[in-house]
Amino acid sequence: MSAQHEAKTFVVWDYLVFAGMLLVSALIGVYCAFWGGGQKTQKDFLMGGRKMTAVPVAVSLTSSFMSAITILGIPSEIYRFGAIFTLYGFSYIIVVVFTSEVFLPVFYKLGITSTYEYLELRFNKYIRLCGTVLFIIQTFLYTGVVIYAPALAMNQATGLNLWGIIIATGVVCTFYSSMGGFKAVVWVHVFQVGIKMAGFLSVIIQGIVVQGGISNILNDCYNGGRLNFWNFDPSPLRRYTFWTIIIGGSITWLTIFGINPAQVQRYNSCKSRFHAKMSLYINLIGCWAILACTTLCGLVLYSRYHDCDPWTSKKVSAPDQLMPYLALDILHDFPGLPGLFVACVYSATLSTVSASVNALAAVTISDLIKPYFPSLSEKTLSWLCKVTSLLFGALCIGMAALASLMGALLQVVLSIFGVIGGPLLGLFSLGILVPFANSMGAFVGLVAGFILSLWVGIGAQLYPPLPEASLQLSLMTDGCNITSFHHQRNWTAATGTPGSPNAFQGHHAERTPLMDNWYSLSFLYFSTVGMLVTIFVGLIVSLLTGGRKQNTDDRVLLTKDDFLSNFDCFRKEKRVLSQQLNVVEDDGTKQPDFNEPTNQSTQL
C-alpha cells in the first residue's frame, strides 16, 4: 500500500445524502411547530410540557454529547496521544452516578426550567444573575467552536466556502429549534444519532477492510505506542494520565451533565423522576458506544497514516481535519458514503447547537425576563421564546469567528467548560450539600474560583506546555513523497503545537517556573481548580459570616428522603411547593430575595 494518500472530493450522491439530512431535520421542526401538539405555552416550548419519557431524552442526551467536537476531536487526540483516552469510560460512570444521585433529585423536585432558578431559591437573586451571565458567556464560546468544527470538515472535504457553511449551520439549527422548540430539538436528536452512528461505522468498517483487518491496525498502533491504556503518573502536568482523566475529566463532564441547563432541561422534562434517572443511565450506554467508535476511528486513523502524517506533511492544516481527510480517502469509491460521514459531523453540530440555543432561550426567559416582568401572559412568553431562539442563533454564528483563533477543538471546549463550569459546579455543590453555606460565602467563593481558573486557563493558552510535558507521541513522514512539500517537519516543529495551535501562543518565549508548572497544568484540571477553590473559600466565608445561624429549607438541599426515594416509581401523587422557601440568616429574619419565587413541581 502506498503511503501517499490523496483525499478525493464530493460527488452528486454525497450532496444528496447531506441535503437529505438537512431536509429531514427541518421538517421535524415544522411538524413539532404545527402538528405535534404545537408550542402554546412557555412550558411546551422549553420543557416539552414535562411529558417526555426516558428513551427519547436519553437519546437526546447522547446525541448532544456526540458533538462535532467528539467526532473530530477524540480520534485526533487518540491519533496523537494514544488510546489512554478510553479511561473516560470510567469517568462517565462517575458523572452519571453523581448527576442522578446528587443533582437530579433536587432540580427535579423543584420543577425548575433553568438551573439558575435554584441559585435564587438557595441564595439570592444576585447569585442567580452571576450564574446566568457566566453560563451565557460559556455557551456562546462553546457554540462558536461547535459551529466552526464541521465547517472545517466541510471545507476540507468539498472545498465549499468556509463561512458560507458556518452561516448555513446556524440558519438550519436556529430554524428548527425556534419553530418546534424543545420537542423538536429532542426528536431531531433521535433522528440525527442514527446518522452519526452510520457515519462512524462507515469509516470504521471500511478502515478495517483497507488496512487488512483489525489485527493489522492493532499491530501498527502497538508499534507506534498508541495502545497506552494505562499511565499512573501522578504529575498534574501530564495531558492524559489515569488521574487527570478520572479526577479532572469526571469533574469537567460533571459541569456539563450535572448543572448545565441544556442537560438539566432535558431530564427535567421527563414525566417522572424515574424516567429522568433512567434517561441518564441509558445515556451512559450511549456514551460508552460513542467512546468505542471514536477510539476505533482514532486507531484506524493512525494505522492508515502511521508513516505519512497528513498534518506534518501539510495535507491538512489542522489536526481536527484528519477525520474528514480519512473519510474522503477511504470512502471515495462508494458514492454517498463521504456525504454520509460529513452529514454525521454536520448533524452532530446541529444537535449540539440547537440544544444550546434552546437552553439559552430558557435561561433568558426564566432568569432575565420573568422575574422582572411577572405579568407577561403565556402567549407572550411563548412568542418571546421563539424570538430569543432566533437572536441567539444569529449571535452564535458570530462566535464562530472567534473560535477560528482558538486552536484544537477538543481542548478548547473542555477548557471553556473547565474555566467557567468548575466554579459554577462548586457553587451548586455548596448550595445542595452544605446547609450552612450562605449567599456571602457563595459569592466570594464563586469569584475566587473563577479568577483562579481563568488565570490558569488564559496562561495555558498564552504559554502552552512544552511537548515533553504533554507526553506527545511521535508522528512520522518517512513514507511520504517529500517532493509534495518543501521540507519535512517533525512533530514538534509543526505549525503551533498539538492541543492549542494559535497565533497567541508563547512557545518560544523564555520559560519561567510559572509557565512550566502553573500554566502547564493539564487542561482537564481547570475545572477541578475552580470547583475546589469555590467550595473551600465558600465554606470559610460562610462560617465567618454566620452561616451556621441560618435555617435552610430542606427542599433546596439533598436529603436522605431524596436519596431513598430516587427509584420509587410507584407513588404518583403530586405535591405543590406552595410555600416560600425560607432561609433564615444571622438575625433570624427571612432573606428578602425569597419573597418573589413560588415554585411548583411534581413529586414522585
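The values are calculated or read from the model by the stated rules, or taken from the named source; none is laboratory data. The structure displayed is predicted, hence computed values, not measured ones. Because the Cβ atoms are built from the backbone with ideal geometry, glycine has one as well, and the counts that use them run over all protein chains shown.
Values computed for the structure shown
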quantity: Filter result (of a type in the set (Gly, Ala, Ser) and either within 23 Å of the chain's Cα centre (by Cα) or modelled with pLDDT of 70 or more (or both)) within region 503-555; calculated: 520, 522, 527, 530, 538, 542, 546, 547
quantity: In region 122-138, the residues that are surrounded by fewer than 24 Cβ atoms within 10 Å (Cβ to Cβ) and in contact (Cβ under 8 Å) with a residue 12 or more places away in the chain; calculated: 124, 125, 126, 127, 129, 130, 132, 134, 136, 137, 138
quantity: Subset tally (residues that are of a type in the set (S, T, N, Q) and modelled with pLDDT of 75 or more) for region 156-192; calculated: 1
quantity: First in region 309-335 and more than 22 Å from residue 146 (Cβ to Cβ), second anywhere and of a type in the set (Lys, Arg) and crowded, with 21+ Cβ neighbours inside 10 Å, Cβ under 8 Å, 6 or more apart; calculated: 329/304; 330/304
quantity: Selection status of residue 244, assigned to a helix (DSSP H, G or I), closer than 26 Å to residue 297 by Cβ, of a type in the set (Val, Ile, Thr) and under 16 Å from the mean Cα position of the chain (by Cα); calculated: no
quantity: Hits in region 335-362 (condition: in a loop (DSSP other than H, G, I, E, B) and crowded, with 24+ Cβ neighbours inside 10 Å); calculated: none
quantity: Output for region 289-304, where each listed residue is over 14 Å from residue 82 (Cα atoms) and either buried (at least 19 other Cβ atoms within 10 Å of the Cβ) or in contact with a Pro (Cβ under 6 Å, 6 or more places away or on another chain) (or both); calculated: 290, 293, 304
quantity: Matching residues in region 238-253 - criterion: being touching a Ser or Thr at 6+ places or on another chain (Cβ under 7 Å) and either within 27 Å of residue 264 (Cα to Cα) or of a type in the set (Ser, Thr, Tyr) (or both); calculated: 244, 245, 246, 247, 248, 249, 250, 251, 252, 253
quantity: Residue list for region 90-124, filter: in a helix (DSSP H, G or I) and of a type in the set (Ser, Thr, Tyr); calculated: 91, 92, 99, 100, 108, 115, 116, 118
quantity: Some residue of region 274-285 being in contact with a Gly (Cβ under 8 Å, 6 or more places away or on another chain) and assigned to a helix (DSSP H, G or I); calculated: no
quantity: Every residue from region 258-273 that is assigned to a helix (DSSP H, G or I) and closer than 15 Å to residue 101 by Cβ; calculated: 264, 267, 273
quantity: Residue list for region 372-419, filter: assigned to a loop (DSSP other than H, G, I, E, B) and modelled with pLDDT of 65 or more; calculated: 372, 373, 374, 375, 376, 377
quantity: Lone qualifier among 376, 368, 350 - being under 22 Å from the mean Cα position of the chain (by Cα) and of a type in the set (A, V, I, L, M, F, W, C); calculated: 350
quantity: Pairs with Cβ under 7 Å, 6+ apart, first in region 363-384 and loosely packed, with under 15 Cβ neighbours inside 10 Å, second in a helix (DSSP H, G or I); calculated: 378/42
quantity: Pairs where the first residue, in region 73-88, is in contact (Cβ under 8 Å) with a residue 12 or more places away in the chain and at positive phi and the second is not basic (Lys, Arg) and not in a helix (DSSP H, G or I), C-beta under 8 Å, 6+ apart; calculated: 82/225; 82/227; 82/228; 82/240; 82/473
quantity: Some residue of region 275-288 being free of Cβ contacts under 8 Å to residues at least 60 places away in the same chain, surrounded by fewer than 21 Cβ atoms within 10 Å (Cβ to Cβ) and either within 24 Å of residue 215 (Cβ to Cβ) or out of contact with any Pro (no Cβ under 8 Å at 6 or more places or on another chain) (or both); calculated: yes
